[in-house]
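The block underneath contains the structure these notes are about, expressed in structure tokens.
The values are calculated or read from the model by the stated rules, or taken from the named source; none is laboratory data. Everything quoted here is computed from the prediction, not taken from an experiment. When we count neighbours, we look across all protein chains shown, and the Cβ atoms used for this are built from the backbone with ideal geometry, even at glycine.
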């Protein structure tokens, strides 16, 4: 490490010293007590700042895992629109209403979030409110910043909204939503990522040291390219395009899904089938499967199955060396982590007549959540470094020119506040599934009984129409199967 303080620290130290020198100690103490009083006046704000989000969601996730979706939703206090977690909690409630079969309520929750995201996209890049939030976060923690919905969560918002529209407005409205999910992914692909050096500047050595001890989620896919593309949304869009007679678009999105899940035999077969039907000369470059066309008496059964609940961000403590007041000092900081082993895909076995088949993996949302955190971590660490420097400077200014007994009292007060406010930002959409899978089966036209192994609903009556698609949505949390004859 360097022998002298980084340039950034010198600048920050100078600015902080100048700022604090303009304030007397009574003013600082009054500001601290006022902040604590204001926080105490709002239980919602208090929870968001001093109780980590994963702890707030624990009871709800437990009830969700038990199939009590309405109770799980009731346990989430959404607060007012000014609350920093309001729109994240709308996502949680939208997903829980969806699982409970209340599709109109789910649609309303997701619409609130969509309208906010649309409004934000039309604002100037730097808004005064965001700047004030970031300044306030230096005195508290990142939970003071309004939750930023990452791309993969925006995609899933439109994914579930498309299904909600299938229940109400029909295929055309569902197609609009699923196209929006595709557009978001396309735009994200075109954005140039900010480099690690650009994000951290003078603190890359601290980041490198942290990463030697930082726990990583152990996943099946070691080479996940990004945190926003997922084969589930592409597969749903391909199915909806098939239902709308837009086979060219279905072929393209099946190919995108296959690129993300290259070992999925069902996607391989669909790319081959549509590639041959559409006379695509290069389809064999994308799939090893041999093309097998549907007969005139067959329709297509598509089952999309969701498994379990996504991994939540949790809080962990780390020691961080920083050059402060002409010497190296070690600070304890709280950072979000997603660690352990990613959940293993458990095939959903089904049976039609005497034919037994199972689903295959499309996407692991545990991996997407972990990848998103990996991309967020440099900015999180930089804010954390600025925060510990700011809090330490505040403590020094409070104790300046104090007698020993006064200094002990002031130190105790500031230390209590610093410890209480040192919380990691563990926010992410925590009611998403852990994994999604697919099964695709050509079946003869007519009435069939589809039997599920291990699900609460062990069978469903389905009607296959020649040349059409029957879409079935299932999960292992206890929701009844959703059946669409498209």
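So here's what we get for this one:
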read-out: Single residue of segment 330-344 satisfying the filter (surrounded by 13 or more Cβ atoms within 10 Å (Cβ to Cβ) and over 19 Å from the mean Cα position of the chain (by Cα)) that is farthest from residue 424 (Cα to Cα); value: 331
read-out: Condition met for residue 171 (touching a strand residue (DSSP E or B) at 6+ places or on another chain (Cβ under 7 Å) and in contact (Cβ under 8 Å) with a residue 24 or more places away in the chain); value: no
read-out: Conditions (1) in a helix (DSSP H, G or I); (2) modelled with pLDDT under 95; (3) exposed (fewer than 14 other Cβ atoms within 10 Å of the Cβ); number of the one not met by residue 80; value: (1)
read-out: Some residue of segment 403-422 being crowded, with 16+ Cβ neighbours inside 10 Å, touching a strand residue (DSSP E or B) at 6+ places or on another chain (Cβ under 9 Å), at pLDDT 65 or above and outside any helix (DSSP H, G or I); value: yes
read-out: Qualifying residue in segment 170-192 (condition: modelled with pLDDT under 85, surrounded by fewer than 18 Cβ atoms within 10 Å (Cβ to Cβ) and touching a helix residue (DSSP H, G or I) at 6+ places or on another chain (Cβ under 6 Å)); value: no
read-out: Among (1) within 20 Å of the chain's Cα centre (by Cα); (2) over 30 Å from residue 249 (Cα atoms) - the single one residue 186 does not satisfy; value: (2)
read-out: Options 130, 118, 111; residue that is at pLDDT 95 or above, surrounded by fewer than 22 Cβ atoms within 10 Å (Cβ to Cβ) and over 22 Å from residue 304 (Cα atoms); value: 111
read-out: Segment 199-228, residues that are out of contact with any helix residue (DSSP H, G or I) (no Cβ under 9 Å at 6 or more places or on another chain), within 20 Å of residue 334 (Cβ to Cβ) and assigned to a helix (DSSP H, G or I); value: 208, 209, 212, 213
read-out: Of the criteria (1) surrounded by fewer than 20 Cβ atoms within 10 Å (Cβ to Cβ); (2) part of a strand (DSSP E or B); (3) out of contact with any helix residue (DSSP H, G or I) (no Cβ under 6 Å at 6 or more places or on another chain), which one residue 306 fails; value: (1)
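For every residue, the table says whether it meets (1) out of contact with any strand residue (DSSP E or B) (no Cβ under 7 Å at 6 or more places or on another chain); (2) closer than 30 Å to residue 466 by Cα.
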site: 299; (1), (2): no, yes
site: 322; (1), (2): no, no
site: 341; (1), (2): no, no
site: 356; (1), (2): no, yes
site: 372; (1), (2): yes, no
